[in-house]
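A.B. asks: Before I ask anything, here is the structure I am working with.
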Amino acid sequence: MTTRTLRLATRGSALALAQAASVQEALATRRLDVELVEVETEGDRIQDELIHRLGKTGAFVRSLDERVLSGEVDAAVHSMKDMPTEKPDNLVVAGVPERAPAGDVLVTPDGKDIDELPEGAVVGTSSLRRQAQLRSYRDDIEVAPLRGNVDTRVEKLLATSLQREHEARIDDDEQAKGQKGKTDYERKFEKRPDEWFDSLTELQRQAMGRKVDTEYDAIVLAEAGLKRSGLTDKIEYERLDRTSFVPAPGQGAIAVTASDPEIIDLVHDKIDHPRTRVETTVERTILAELGGGCIAPVGVHALLQGEHVHVDVQVLATDGSEAINAGRDLPVGNHANAAREFAASLRERGAAELVEAARKEAAEEEEEEEE
């Protein structure tokens, strides 16, 4: 019997390729080859824009799904949190593999947690949700834009402190050489500059050569991104509390979209994880009902617990000055409808006003740019 080839569209970033490779491995069999097709998206091309200003159609999604609908590829692999809640009628989320850790982490050069950061500390993120959550939790810190691949963002964080230490070691070495034969000079550092550089990891060496415009004291990333990028054992990080920093809907989850019924059934049977499917359905249903999309700071996290799905929701003003926090247990047997009802109650509590205010701010920013 001939071997069939299944073509999967993916972004070309290291993280996207790692996600797609995990799907490729799960789908591949003796009679099914799986080929990855790299596609450049609008989000990849426009590197100087904040994520939420790239459009509600999905800056990292639409280009991939267009290839599916045209028949150029059989399916597309996405980070679920990047997907808009609206999609073409003939496109289906065929498979949702088991989710990686859903929360956010604070990454610092020395392992500080968020409460240990000094007043005025600069924290990097380009997520509207994370910005609002940081400002809500600590209004004394400065939030600065930060984009790029996961390893690029980590390198930007590490660059300044490593470069300063390198300069200090060079000065120490030169002073030691200048004092030779005169008086004993006690070195500040045990290792000389070249020995110290040789002891660095490849990530740290890459950071050493990076020029950065902003000096970050910390950055916020998804733990899933760190894990899939193989960085969890190479940097210092602390998990952020999921009550104060509710993750984005679908964070940590992968979605595989398809339109052909045969492909849909194949993908679903091979990789769909029922628990993750239920949890992400609740999260994305609430997001859709709130109408937040990518233009409002909304966090939703669901966790299946026996016969109930516990869900936490956080809707914030863009500057973090206001926040609506709520949690509820939803019945598993009716989780989608229960999620809609929960979202409706949140809208009545003021979530609708916060989302509308964020929408107006986004529209005003766009008008100012056009002028």
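A.B. asks: Could you check how much of the accessible area of segment 245-371 is carbon and sulfur, as a whole percent, using a 1.4 Å probe?
C.D. replies: Roughly 44 percent, rounded to a whole number.
A.B. asks: Filter the chymotrypsin sites (Phe, Trp or Tyr not before Pro) in segment 162-232 to those in DSSP coil with at most 16 other Cβ atoms within 10 Å of their Cβ, and list the result.
C.D. replies: Sparse-neighbourhood loop chymotrypsin sites (Phe, Trp or Tyr not before Pro): 185, 189.
A.B. asks: At a Förster distance of 30 Å, what's the computed FRET efficiency of residue 174 paired with residue 115, Cβ-Cβ distance as r, to 0.05?
C.D. replies: 0.15
A.B. asks: If you don't mind, another one. Give the relative contact order (percent, whole number) for the chain; include only Cα pairs under 8 Å separated by 6+ residues.
C.D. replies: Relative contact order comes out at 22 percent.
A.B. asks: Would you mind putting 160-173, 283-296 in packing order, based on average other-beta-carbon counts within 10 Å, highest first?
C.D. replies: 283-296, 160-173
A.B. asks: Take each of the peptides 91-99, 316-324, average the number of other beta-carbon atoms within 10 Å over its residues, and list them starting from the highest.
C.D. replies: 91-99, 316-324
A.B. asks: Would you tally the net charge around residue 242, using a Cβ to Cβ cut-off of less than 10 Å, leaving residue 242 out, and scoring K and R as +1, D and E as -1?
C.D. replies: Result for the neighbourhood of residue 242: -2.
A.B. asks: Here is a further query. When you take every Cα atom in segment 147-225, what is the radius of gyration, and what is Dmax, the widest Cα pair distance, in Å?
C.D. replies: Every Cα atom of segment 147-225 included, Rg and Dmax give 16.0, 56 Å.
A.B. asks: Could you give the radius of gyration (one decimal) and Dmax (whole number) of the Cα atoms in the chain, in Å?
C.D. replies: 23.3, 83
A.B. asks: Quick check on packing: order 110-119, 248-257 by the mean number of other C-beta atoms within 10 Å, highest mean leading.
C.D. replies: Ranking, from highest mean packing down: 248-257, 110-119.
A.B. asks: Moving on. Give the ranking of 152, 232 by solvent-accessible surface, highest area first, calculated with a 1.4 Å probe.
C.D. replies: So the residues, ranked largest to smallest area, are 232, 152.
A.B. asks: What does the accessible area per residue of segment 210-339 come to in Å², with a 1.4 Å probe and no ligands, DNA or RNA counted?
C.D. replies: 42 Å²
The values are calculated or read from the model by the stated rules, or taken from the named source; none is laboratory data. Since the structure is predicted, the reported quantities are computational estimates derived from the model, not experimental observations. Glycine gets a Cβ as well: all are built from the backbone with ideal geometry, and neighbour counts include every protein chain shown. Side chains are part of the model used for accessible areas, which takes the heavy atoms of the whole protein and leaves out ligands, DNA and RNA. Shrake-Rupley method; radii C 1.70, N 1.55, O 1.52, S 1.80 Å.
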